[in-house]
1. Of all residues in the stretch 168-205, count the ones that are within 26 Å of PRO230 (Cα to Cα), touching a helix residue (DSSP H, G or I) at 6+ places or on another chain (Cβ under 9 Å), outside any loop (DSSP other than H, G, I, E, B) and of a type in the set (Gly, Ala, Ser).
2. Among the residues in the stretch 268-281, are any at pLDDT 85 or above, in contact with a Lys or Arg (Cβ under 7 Å, 6 or more places away or on another chain) and surrounded by fewer than 18 Cβ atoms within 10 Å (Cβ to Cβ)?
3. For the stretch 134-161, what are the residues that are among the charged types (D, E, K, R) and touching a helix residue (DSSP H, G or I) at 6+ places or on another chain (Cβ under 8 Å)?
4. Scanning for something part of a helix (DSSP H, G or I), touching a strand residue (DSSP E or B) at 6+ places or on another chain (Cβ under 7 Å) and under 21 Å from GLU306 (Cβ atoms), does the stretch 365-372 turn up at least one residue?
5. How many residues does the stretch 223-246 contain that are of a type in the set (A, V, I, L, M) and modelled with pLDDT of 95 or more?
6. Among the residues of the stretch 350-364, count how many are part of a loop (DSSP other than H, G, I, E, B), farther than 13 Å from MET336 by Cβ and either basic (Lys, Arg) or touching a strand residue (DSSP E or B) at 6+ places or on another chain (Cβ under 8 Å) (or both).
7. Just give me the residues in the stretch 220-234 being outside any strand (DSSP E or B) and of a type in the set (Lys, Arg), in sequence order.
8. Any chance you could count how many residues in the stretch 252-264 are in contact with a strand residue (DSSP E or B) (Cβ under 6 Å, 6 or more places away or on another chain) and surrounded by 21 or more Cβ atoms within 10 Å (Cβ to Cβ)?
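The values are calculated or read from the model by the stated rules, or taken from the named source; none is laboratory data. Owing to the predicted nature of the structure, the values given are computational and were not obtained by experimental measurement. Backbone-built Cβ (ideal geometry, glycine too); neighbour counts: all protein chains shown.
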Amino acid sequence: MNGSPGHSVSEEERGTGGGDARETSRVGMSGFPTAATASDQAVRPERNGVRVEQPPPPPVPLSSSASTTSPAAQSTLPGRIAASIREVEPEWFVAGWIPRSCLSFVIGRPGIGKSSYLASLMSRAQRTVLLPGYEESIDTKVLRRLRAHGVNLDNLLILDDKAYTLDLHSEEIAKTAHLWKADLVVFDPIDSYLSDDASENDGQKVRPILEKASKIAQKTGAAVVGSRHPGKGPDNLMVGSRQWEAVPRHIIELLPDGGSPERRMMRLHKPRGCKEPPPTYYDLAEGPAGQWVFTLGEAIDPAVIELAKAMPDAMDRSVHDLACELAKRLLADCDMEAKEIYKHAEAERIPERSMRWAKKTLKINHRREGSGPGSKVFWCKIP
């Protein structure tokens, strides 16, 4: 106890008591005051026995010298100072399509040519590490496909000596790819390398597994490419969690154009930070020993991709072709009011939706006469 003997010192005289106890309780375990403590510290002077709140002092501007952390202090901080990181340009395994040091996916239905496309990538590589999955026999199917695409088998390392998973063996796969000096790592399909307890629908498990595949690319500088099947619906690019679409840097979609005869095309579904290459046709031509060989074709109009996605069914495409023929006949000599065109289509049992797609496919212009409810829309003559 402070003060003279027999004199009781009050809390106001000591400047302590309940207020200090509250302030002490607001100091975190680390010893740093919380925001509430800082505001309490701004309450200082009294006026007529009543404490008056004062606004906190303005922040001190940081000068270049004040904002510079000493080298000794920097060495104790986690992470990296942004200014110390060297900026580099992205590198490409296939320009515009497959980046190096990144994870990419190739998506397509069974039989569309995913494995043939991957074989064509392996024919470009200096050295490849292949994790071939369990869908096909190595000696009876995979090797024949690789030979047909001209892959140098002396520079191809196949990891099939045990049941690899990305969850348990990503570090080993990365080390192997580094020692092999691989510039391409292929998972065909990548679903075969999930853990047994990892559901493709569980984003909390899928994301860290795919990030391990990305880290293989980052550690080795190789392009890491995995194949997958799409979902059943035309808008369902991939089955399972949305993390399948979120994590990879690029996603290449292989799909049919739905025409007659049907052709195959590829497009970049998820371009990031690059000039998007145009959709491109490709063929699977019969090669040595009856193997299909992936051959890249000509660039195509993006509207063809849109149509293929909107009308994947062969019957819908057949009706679309009829709609195009009808539009060509009706607009061969003059403009025609849209209402009349739809009447002709109804007579031939062609839906309005198919006529609108025909208009888009044929790039038919339109014009409007008048304004308001009485206005008329005309489709323009096809040149």
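1. Total meeting the criteria: 2.
2. Kept after step one, since they are at pLDDT 85 or above, are these residues of the stretch 268-281: 268, 277-281.
Remaining after also requiring in contact with a Lys or Arg (Cβ under 7 Å, 6 or more places away or on another chain): 279, 281.
Still in the list and also surrounded by fewer than 18 Cβ atoms within 10 Å (Cβ to Cβ): 281.
The answer is yes, given that some residue of the stretch 268-281 is at pLDDT 85 or above, in contact with a Lys or Arg (Cβ under 7 Å, 6 or more places away or on another chain) and surrounded by fewer than 18 Cβ atoms within 10 Å (Cβ to Cβ).
3. The first filter runs over the stretch 134-161 and keeps only residues among the charged types (D, E, K, R), leaving 135-136, 139, 141, 144-145, 147, 154, 160-161.
Listed by number, the residues that qualify are GLU135, GLU136, ARG144, ARG145, ARG147, ASP160.
4. Among the residues of the stretch 365-372, not one is part of a helix (DSSP H, G or I), touching a strand residue (DSSP E or B) at 6+ places or on another chain (Cβ under 7 Å) and under 21 Å from GLU306 (Cβ atoms), which makes the answer no.
5. As a first pass, look at the stretch 223-246 and keep what is of a type in the set (A, V, I, L, M): 223-225, 237-239, 246.
Remaining after also requiring modelled with pLDDT of 95 or more: 223-225.
Of the residues in the stretch 223-246, 3 are of a type in the set (A, V, I, L, M) and modelled with pLDDT of 95 or more.
6. Kept after step one, since they are part of a loop (DSSP other than H, G, I, E, B), are these residues of the stretch 350-364: 350-351, 362-364.
Keeping just the survivors that are farther than 13 Å from MET336 by Cβ gives 350-351, 362-363.
Now narrow it down to the ones that are either basic (Lys, Arg) or touching a strand residue (DSSP E or B) at 6+ places or on another chain (Cβ under 8 Å) (or both): 363.
Qualifying residue count for the region: 1.
7. Start the filter on the stretch 220-234 by keeping residues that are outside any strand (DSSP E or B), which leaves 220-222, 229-234.
Correct list: LYS232 only.
8. Residues in the stretch 252-264 being in contact with a strand residue (DSSP E or B) (Cβ under 6 Å, 6 or more places away or on another chain) and surrounded by 21 or more Cβ atoms within 10 Å (Cβ to Cβ): 3 in total.
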